[in-house]
1. Hey, what number do you get for the chain at 222 nm if only DSSP H runs of n ≥ 4 count, each worth -39500 (n - 2.57), divided across all residues, to the nearest 500?
2. Cut-off is 10 Å between beta-carbons; in what order do Cys167, Cys14 appear when sorted fewest neighbours first?
3. For each cysteine in the chain, check whether another cysteine's C-beta sits under 4.7 Å from its C-beta; list those where none does.
4. Size of the dipole of the chain about the Cα centre, Lys and Arg at +1 and Asp and Glu at -1 on the beta carbon, nothing else charged, in debye to 20?
5. Taking 1 over the mean of 1/r across every pair of different Cα atoms in the range 9-218, what Kirkwood radius in Å do you get?
6. Just going by the charge dipole of the range 9-218, with Lys and Arg at +1 and Asp and Glu at -1 on Cβ, which of Leu157, Thr133, Ser78 is farthest out on the positive end?
7. Quick one: order Asp15, Asp205, Asp143, Asp75 by neighbouring beta-carbon count within 10 Å, fewest to most.
8. Can you list residues from other chains, or at least 5 along the same chain, whose modelled amide H is less than 5 Å from the amide H of Ile132?
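What follows is calculated from the coordinates using simple rules that are stated; it is not laboratory data. Quick caveat: nothing in here was measured; it's all calculated off a predicted structure. So basically every Cβ, Gly included, is an ideal-geometry build from the backbone, and we count neighbours across all protein chains shown.
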Amino acid sequence: MIKPATGRSVMLACDHGYFMGPTRNLESPRKTIEPLLPYADTLAVTRGVLRTSVDPKWDTPILLRVSGGASILKDDLSDEEVTTSIREAVRLNVASVALSIFVGAPHEKQSLVNLSRLVDDGEDFGIPVMAITAVGKELDKRDAKYLSLACRVAAELGARIVKTYYCENFSKVVNGCPAPLVVAGGPKLNTEEDVFNLVYNALEDGAVGVDMGRNIWQNENPVAMIKAIRSIVHEKATVKEAQLIFSENRKVNPKKAESSANA
Ligand code: 5RP
């Protein structure tokens, strides 16, 4: 999953449906995933999407989401259990498994015990576990103080890799976490430049990559987006260079092209 040549990774997150349902632009997972896969080092999905929407011929390593049990209709998203067994993960030939932890939320303990047990099971089969530091709805905790606590707890309980959110002072989060960190994108940002800045800054601060979804496939030009993000992650492109790659690869809107030709 983490490419030895750069020590970094572009993970494509397409596991949102397990609690959000048919998220915009992920209604038909295969359609969303297929064009993006050549530019992803890892694909994050649930077993349902893996079975129905991922062609066995595609050879991208799979990060299998194995926690769930709550949906966005519930106030408390932290009430999760492990929903897919390690035997199933082995049978599905996945590279690693992922679950959410909810530090500071009502089901903190349950989610941390879930992580610890999953690490025990994963280690038995040589399957690394990613902990995802989800932020409880009621908490306004996307800050370095909270995230460094949550990431450190995840690493101490045995997570081989931790996914978290970028925040101000992100190097504090990285420095306090002995396991490698990747960042999610979160809800769609206003501009492509905002996304490239997030990726660039997270990597400068020490993240080993991204595990990103909506800011790629909710963009009008998802392939251009993932190519540009990939250039930052693996080629150390600057934000300006990434913007150029995005512009070169985006589909030209026929109406705009026509009006500039007539101008
Ligand atoms: C869903 C997840 C997502 O994989 C994670 O949030 C990354 O996706 P995005 O970049 O859209 O936030 O864990 O629970």
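1. Theoretical 222 nm ellipticity from helices: -12500 deg cm²/dmol.
2. On the way: Cys167 19, Cys14 28.
Starting with the residue having the fewest Cβ neighbours, the order is Cys167, Cys14.
3. Cys14, Cys167, each lacking another Cys Cβ under 4.7 Å.
4. Dipole size: approximately 520 debye.
5. Details: mean 1/r = 0.0586 Å⁻¹.
That comes to 17.1 Å for the range 9-218.
6. So the residue we want is Ser78.
7. Values: Asp15 28, Asp205 18, Asp143 14, Asp75 11.
Placing the least packed residue first, the sequence is Asp75, Asp143, Asp205, Asp15.
8. Amide H to amide H, under 5 Å and 5 or more residues apart or across chains, Ile132 pairs with Leu99, Ser100, Ile101, Lys163.
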